[in-house]
Amino acid sequence: MMEDKHGDRTKYIGGSDAAACVGLSRWRSPLAVWAEKTGAITPEDISDKLQVKLGTRLEEAVAELFEEQTGKVVNRVNRTLTHPGYDFIRANIDRKVLKEDAIVECKTTSAWKAKEWDGEEVPREYVIQALHYLAVTGAAKCYVAVLIGNQDFKVKTVERDEKIISDLIRREVYFWNEFVLKKVPPQAKSTDKDTLSTLYPQAEDGKTIDLDIESAAILDTLEGMKKDAAALEGQIEEQENILRQKVGRCRNGSGPWVENTMGEHEDAEV
């Protein structure tokens with residue numbers, strides 16, 4: 001099934017959502033995806049950002065480089081594809097390879113992230129995105145073509161793996177049915193401070209909030225952890241100062257000798 005390109009992203013899980021909604025993205029959390037899909041948070045309009053504009057314009061260049069390097073011919077896909085079994089799982093793929101059961105995902109990244117593409121490596125978020133697209137399209141493989149700064153161009157291959165794809169779709173379906181449709185937020189992660197601040201603004205000064213038993217217990221635990229952390233921080237600082245003092249004395253030749261594992265004595269090295 002095919003629909004207009006992109007459309008209302010709150011109505012479906014797309015390839016760029018896949019890693020996040022199953023908790024495997026370094027950049028977004030399940031809670032952040034949930035907040036956008038349920039309308040609790042309006043996604044930021046990033047279409048005017050230079051990085052986004054460049055990525056869009058360079059997509060054609062990446063596709064052309066892919067054709068030059070591989071000898072394959074590709075066609076642009078201008079419509080949103082829908083999973084045959086779930087209408088809320090969709091894909092906006094970049095290119096379809098002609099005369100081959102394969103698709104192409106075009107990427108650009110900075111030279112600072114070149115190590116993420118060393119050898120056979122592909123960032124996990126893009127592997128999951130590719131598998132999501134393979135699930136929707138039924139294709140056998142996804143080529144990930146990446147332009148790295150202005151210094152390198154690579155083509156990686158993500159092969160179809162039925163077991164992994166089945167598990168990915170199962171987890172996406174669970175996320176949609178149990179969290180999005182029921183409007184029940186998934187558990188927050190350590191990276192969710194900004195999302196939580198938007199969802200739940202701080203109470204006004206002077207106002208009190210009645211907590212349930214579970215929340216009160218969490219608050220007590222949190223306060224205890226903060227006290228422990230403060231105490232530990234003081235201990236760490238104390239040990240650092242003691243070590244700094246001893247190292248300084250060793251450098252001045254007035255420090256104690258240390259015994260090595262052979263029973264011989266030698267000055268401590270710093």
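Have a look at 44, 64 and point out the one that is out of contact with any Leu (no Cβ under 8 Å at 6 or more places or on another chain) and modelled with pLDDT of 95 or more.
Answer to the selection: 64.
A residue that is over 23 Å from residue 59 (Cβ atoms) and within 19 Å of the chain's Cα centre (by Cα) occurs somewhere in the range 110-119.
Looking only at residues of the range 135-191 that are surrounded by 15 or more Cβ atoms within 10 Å (Cβ to Cβ) and among the small types (Gly, Ala, Ser), we find that the one that is nearest to the chain's Cα centre (by Cα) is 188. Do you know which residues across the range 136-173 are touching a Lys or Arg at 6+ places or on another chain (Cβ under 9 Å) and among the β-branched types (Val, Ile, Thr)? Result: 136, 137, 144, 146, 148, 157, 158. Hey, does the range 107-127 have a residue that's touching a Cys at 6+ places or on another chain (Cβ under 6 Å) and in the same structural domain as residue 14 (by TED's automatic domain parsing)? No; the residues of the range 107-127 include none that is touching a Cys at 6+ places or on another chain (Cβ under 6 Å) and in the same structural domain as residue 14 (by TED's automatic domain parsing). Each residue in the range 135-182 was checked for being acidic (Asp, Glu) and touching a helix residue (DSSP H, G or I) at 6+ places or on another chain (Cβ under 9 Å), and 4 pass. Restricting the first member to the range 46-70 and to residues that are in the same structural domain as residue 100 (by TED's automatic domain parsing), and the second to residues that are among the aliphatic types (A, V, I, L, M) and part of a helix (DSSP H, G or I), the beta-carbon pairs closer than 7 Å and six or more apart or on different chains are 46/52.
Mind checking which residues of the range 132-180 are of a type in the set (Asp, Glu) and over 16 Å from residue 120 (Cα atoms)? Passing the criteria: 161, 162, 167, 172, 178. Tell me yes or no: at least one residue of the range 168-177 is assigned to a loop (DSSP other than H, G, I, E, B) and over 16 Å from residue 15 (Cβ atoms). No, that holds for no residue. Does residue 57 fit the bill of being surrounded by 18 or more Cβ atoms within 10 Å (Cβ to Cβ), at pLDDT below 95 and farther than 23 Å from residue 98 by Cβ? Spelling it out, it is not the case that residue 57 is surrounded by 18 or more Cβ atoms within 10 Å (Cβ to Cβ), at pLDDT below 95 and farther than 23 Å from residue 98 by Cβ.
The values are calculated or read from the model by the stated rules, or taken from the named source; none is laboratory data. On a predicted model such as this, the values are computed, not experimentally measured, just so you know. Neighbour counts are summed over all protein chains in view; Cβ atoms, including those assigned to glycine, are modelled from backbone coordinates with ideal geometry.
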